[in-house]
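Undergrad: Okay, handing you the structure first.
Just so you know, all these numbers are worked out from the coordinates, no wet-lab data involved. This is a predicted model, so every value here is computed, not measured. A quick note on method: Cβ atoms are made from the backbone with ideal geometry, for glycine too, and the neighbour counts reach across all protein chains shown.
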Amino acid sequence: MNLGSLLFSRRVRQNHALEHATITILSGMIPKLSISARSSDDGFVIFGDVDLGLLRRAMDEALRRLQAGEAELAIHPNCGTNIAVGISLITLGTLFGLASNQPRTRITAAAASSLAGLVAARPVGEYVQRHLTTLPDLTGVRVTEIARRKLFGLTFIEVRTVQE
């Protein structure tokens, strides 16, 4: 058992991979696409209004390509994992810098350490996605439902999946 399996269920990781791949393909179909999403055990939710026909085409292509072995589609540069890793690295860098024994260099050390955290955020975030938060093996996964919902004037789309 790996760390990713301990932290996130297999289904969450698979749905997260499908979510990323779908958004990547959808972004190619819709210039300036502005949505966000959140994965769960039973699928994912897209926050934003998207044409359901385009979404279905993007999702079908994403599923087919992931099942054919295009694992890189599971990694997305704007994933919240990258943001969380970046904030963590910057915070740790700042704390280490401020813990310096040299009072005159604390601010410089904190700034340099924070900058190092910022630079490392994306590659480390993508590593975390690849090994902990996504699983591109979608063997037996299929989409069972896509439904548009509105709540308090906000549109979101629920996507349900199952693994057979």
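Undergrad: In whole Å, what is the distance between the alpha-carbon centres of the range 10-68 and the range 79-146?
TA: Centre-to-centre distance over Cα atoms comes out at 23 Å.
Undergrad: Got a sec? How would Met29, Met59 order by Cβ neighbour count within 10 Å, fewest to most?
TA: Numbers: Met29 14, Met59 22.
Final ranking by Cβ density, sparse to dense: Met29, Met59.
Undergrad: For a footprinting-style exposure proxy, rank Ile23, Ile75, Ile83 by other Cβ within 10 Å, fewest first. It would help to have the intermediate numbers written out before the result.
TA: Details: Ile23 24, Ile75 21, Ile83 12.
With the sparsest Cβ surroundings first, the list reads Ile83, Ile75, Ile23.
Undergrad: At a 10 angstrom cut-off on C-beta neighbours, averaged per residue, how do the peptides 32-41, 101-110 rank from highest to lowest? Please report the intermediate quantities before stating the final value.
TA: Values: 32-41: 14.3, 101-110: 11.7.
So the peptides 32-41, 101-110, ranked by packing, come out 32-41, 101-110.
Undergrad: Now a separate question. Computed over the Cα atoms of the range 24-74, what is the convex hull's projected area averaged over all directions, in nm²?
TA: On the way: hull surface 15.3 nm².
For the range 24-74, averaging the hull's shadow over all directions gives 3.8 nm².
Undergrad: On average over all directions, what projected area in square nanometres does the range 80-129 have, based on the convex hull of its Cα atoms?
TA: Details: hull surface 11.6 nm².
With the hull built on Cα positions only, its mean projection is 2.9 nm².
Undergrad: How would the range 96-164 be classified by its alpha-carbon gyration tensor: rounded, prolate or oblate, with rounded meaning a/c under 1.5 and the a/b versus b/c comparison settling the rest? Before the final figure, lay out the partial values.
TA: Numbers: a/c = 5.75, a/b = 2.27, b/c = 2.53.
It comes out oblate by the Cα gyration axes.
Undergrad: In whole Hz, with x marking every Gly and Pro, tabulate ³J(HN,Hα) for the range 74-91 from phi via Karplus 6.51 cos²θ - 1.76 cosθ + 1.60, θ = phi - 60°.
TA: Karplus values, whole Hz, x for Gly and Pro: 6, 9, 10, x, 9, 5, x, 4, 4, 5, 4, 5, x, 4, 5, 5, 5, 5.
Undergrad: Sequence-distant or interchain residues sharing an amide H contact under 5 Å with Thr155, placed H: which?
TA: Result for Thr155 returns Gly48.
Undergrad: What is the order of His131, His20, fewest Cβ neighbours within 10 Å to most? Don't jump to the answer; show the numbers that get you there.
TA: Details: His131 12, His20 28.
Neighbour counts put them in this order, fewest first: His131, His20.
Undergrad: How much length would be gained if the chain were fully extended between Arg149 and Val45, taking 0.36 nm per residue of separation minus their Cα-Cα distance, in nm to one decimal?
TA: Numbers: separation 104, 0.36 × 104 = 37.44 nm, distance 1.01 nm.
That pair, Arg149 and Val45, stretches by 36.4 nm at full extension.
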